[in-house]
Amino acid sequence: MTDLIQYLFNGLVVGSIFAIAAVGISLLYSVLRLVNFAAGDFLTLGAFITYFFSVTIEINFFLAIIISMGAGMAISWFLELVLWRNLRRNKAGTLALFLVATGVALMLRPIIQYVFGTETRKFNVDILKTYDFLGARIAHTQLMVLIFGSLAIMTIALFMSKARIGKDMRAYANNPSLAAVSGVNVDRVVMATWLISGALGSLAGVFQGLVQGQFNNAMGDTLLLSFFAAVVLGTIGDAYGALAGGILLGLFMELSQLAIFFGGVPSNYKPVVAFATLVLVLLFKPEGLFGYRTRKV
Amino acid sequence: MEAFIQPGFWVFVLTMAGIYGIFALGLQIQYGVAGVMNFGHVGMMAISGYTIAVLVIKYEWSFWWAALAGVSAAALGGALLGLATLRLSGDYFAIASIAFAEITRYLILNADGVTGGTQGTLAIPNPKGFGGYTDQVDVILYWIMDRLYPIFGDETSRDMAMLSVVWPFLFLFIWISSRLQKTSWATVLRATREDDDVPASLGKNVFRFRLQALVIGSAFGGIAGVFWAVQFMLLAPEDFLRIVTFYGWMILILAGATKVKGLAIAAIFFGFLYGATRFLDFWPISELSSPERAYLRIFLIGLVLVLLMVKRPQGLFGKREEMVLE
């Protein structure tokens with residue numbers, strides 16, 4: 001029972017990080033048909049910028065998080081202006097988008113390594129402080145992530161359903177030409193999507209850094225496929241689905257360690273649970289949990 | 001600038017270029033002919049290389065049978081990947097193929113009793129107690145080195161022998177592949193690249209054609225794995241990171257996806273980019289430490305990929321129309 005509570009709690013923490021990262025990826029796909037291979041490195045960048053401001057320069061941790069979210073947005077804004085907009089105008093195909101996203105990831109990682117070094121980092125928070133909750137050990141950092149993560153998820157959901165630009169985004173994702181003739185400003189929608197995904201990437205990176213305790217420059221990229229699994233599980237292109245898919249995947253990965261599943265999957269095989277989820281969804285329900293079947297061939 | 005006049009530098013660069021050229025040839029058949037976007041190609045190279053290492057070291061197979069088994073295993077890997085996921089649309093298949101390669105690497109990493117785990121093939125339990133898997137090939141390489149010695153003297157190296165083996169094979173494979181692309185099989189596939197319905201209405205099983213292209217391409221990935229295994233004499237899981245697939249893609253895009261003959265030149269260009277950052281020693285590169293240069297290489301490869309796709313998506317030798325249509 002204690003195990004169950006512990007894994008359930010861990011799963012919710014990990015899942016909220018997946019949800020935040022996955023919703024950025026899913027939004028970008030729905031609006032731009034772009035699978036963002038650079039998403040993982042944006043997480044790493046967010047964590048390192050926060051580290052720089054909060055530990056090296058010693059300003060307030062929360063302020064540092066906000067600065068790093070701003071930096072994530074600024075880089076996304078810059079790339080949209082110099083890169084993605086041109087590709088759209090040139091009617092670049094799927095492969096071009098894939099390879100450019102990969103190229104961006106390949107450029108970003110060495111820059112992070114060059115600027116911030118390769119050493120393992122940790123934030124200036126007490127990673128050893130834990131609370132006791134019904135026998136389960138809950139780390140202070142986990143609790144922070146769960147509280148602020150839930151707030152972020154609720155904000156995203158509200159934004160998508162209530163804000164004008166959020167509605168425009170969903171309209172454009174559903175039917176680009178119809179949205180365009182109904183007066184949706186396409187460039188504005190695309191830019192908003194990039195800004196949101198940039199901010200969420202940084203935030204997810206800080207959360208992941210907190211939960212791991214220590215992190216290095218490979219942190220985000222290692223998780224990329226798990227994010228894709230969450231995105232596909234929640235139906236690719238569906239923002240709410242990505243939130244749900246992220247949380248579900250987090251729960252799967254943690255609960256798989258329970259003894260009732262083949263005596264408990266060893267914790268170093270947790271990534272395999274994510275990959276297996278991805279493969280199983282692709283095999284049996286490629287439209288995801290919330291989609292309907294439109295595939296052909 | 002000293003590195004430029006060191007023959008060892010060029011020999012290494014060209015050998016790697018040849019191996020990556022064969023690797024990229026697999027992608028060329030898959031994408032250039034069939035329009036299949038495989039981002040897990042490195043998995044095929046890993047499967048082939050590790051199959052060889054395990055069969056020779058642990059089960060004491062002859063290298064040649066092991067190499068055949070390695071290439072077959074890679075082709076089988078392609079078949080499994082394709083049967084499971086090739087019916088999905090392009091984006092999904094791309095993600096599925098990456099997952100395939102990552103799962104492969106993860107299994108290799110964690111099945112340490114068989115593969116040696118993080119320590120690589122040196123840690124494979126060896127019934128003889130010592131020795132690698134290249135002994136039988138090395139006999140041939142030494143024979144070649146003996147023939148090269150009168151010409152190159154003390155500059156003669158194992159790399160040089162590898163170079164003289166790899167490149168004839170690359171040209172042979174390019175020739176085979178360009179013959180293959182003149183067949184009616186390739187014509188059907190090229191038609192499916194643009195539209196599924198027309199070839200399907202002519203009674204062609206689009207899925208089966210694509211699957212065949214995926215399997216053949218994977219076999220080439222496996223062949224590249226054989227050469228890779230021989231070149232380095234040991235394998236480790238981190239040799240087969242996701243980025244390696246994109247090395248192949250870069251060569252393919254440089255050459256122009258449909259231009260099989262440009263592949264050799266593109267491979268040399270890539271080999272230079274790959275090797276140059278390691279060996280060149282003039283300012284400003286001389287200011288960087290050796291690990292920093294490894295990042296510089298990755299950065300340059302990213303930069304070239306982005307610039308190519310923005311400025312010249314058809315590659316150096318390709319036709320723009322063939323690239324833009326998808």
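The values are calculated or read from the model by the stated rules, or taken from the named source; none is laboratory data. As the structure is a computational prediction, the values presented were derived from the model and not from experiment. With ideal geometry, Cβ positions are generated from the backbone for all residues, glycine too; neighbour counts draw on all protein chains shown.
Picking from A:225, A:282, which residue would you name as being over 14 Å from residue A:17 (Cα atoms), free of Cβ contacts under 8 Å to residues at least 60 places away in the same chain and within 10 Å of chain B (Cβ to nearest Cβ)?
Working: A:225 fails: over 14 Å from residue A:17 (Cα atoms).
Of A:225, A:282, the one residue that is over 14 Å from residue A:17 (Cα atoms), free of Cβ contacts under 8 Å to residues at least 60 places away in the same chain and within 10 Å of chain B (Cβ to nearest Cβ) is A:282.
Check whether at least one residue in the range B:74-89 is closer than 20 Å to residue B:205 by Cα, out of contact with any helix residue (DSSP H, G or I) (no Cβ under 7 Å at 6 or more places or on another chain) and among the polar types (S, T, N, Q), and report yes or no.
yes
For the range A:62-99, which residues satisfy the criterion of being buried (at least 19 other Cβ atoms within 10 Å of the Cβ) and among the aromatic types (Phe, Trp, Tyr)?
Listed by number, the residues that qualify are A:84, A:98.
Need pairs with beta-carbon distance below 7 Å; first residue away from every other protein chain (no Cβ under 12 Å) and within the range B:99-119, second assigned to a loop (DSSP other than H, G, I, E, B) and among the aliphatic types (A, V, I, L, M); sequence gap 6+ or separate chains.
Within 7 Å, the pairs are B:115/B:124; B:116/B:124.
Return the only residue of A:248, A:178 being part of a helix (DSSP H, G or I), out of contact with any strand residue (DSSP E or B) (no Cβ under 7 Å at 6 or more places or on another chain), closer than 25 Å to residue B:95 by Cβ and at pLDDT 85 or above.
On the way: A:178 fails: closer than 25 Å to residue B:95 by Cβ.
Matching residue, one of A:248, A:178: A:248.
Quick check: anything in the range A:239-246 surrounded by fewer than 21 Cβ atoms within 10 Å (Cβ to Cβ) and free of Cβ contacts under 8 Å to residues at least 60 places away in the same chain?
There is no residue in the range A:239-246 that is surrounded by fewer than 21 Cβ atoms within 10 Å (Cβ to Cβ) and free of Cβ contacts under 8 Å to residues at least 60 places away in the same chain.
Restricting attention to helices (runs of 4 or more DSSP H) lying wholly within the range B:80-168, give those where 3 or more residues are among the aliphatic types (A, V, I, L, M).
Values: elements: B:90-110, B:112-115, B:135-152.
Because the criterion is at least 3 residues that are among the aliphatic types (A, V, I, L, M), the helices (runs of 4 or more DSSP H) in the range B:80-168 that meet it are B:90-110, B:135-152.
Counting residues that are touching a Ser or Thr at 6+ places or on another chain (Cβ under 7 Å) and away from chain B (no Cβ under 13 Å), which helices (runs of 4 or more DSSP H) fully inside the range A:16-95 reach at least 3?
Numbers: elements: A:39-51, A:61-79, A:85-89.
The qualifying helices (runs of 4 or more DSSP H) are A:39-51, A:61-79.
Name the residues in the range A:228-254 that are at positive phi and within 11 Å of another protein chain (Cβ to nearest Cβ), would you? Working first, answer last.
Restricting attention to the range A:228-254, the residues satisfying the condition of being at positive phi are A:235, A:237.
A:237 - this is the single residue of the range A:228-254 that is at positive phi and within 11 Å of another protein chain (Cβ to nearest Cβ).
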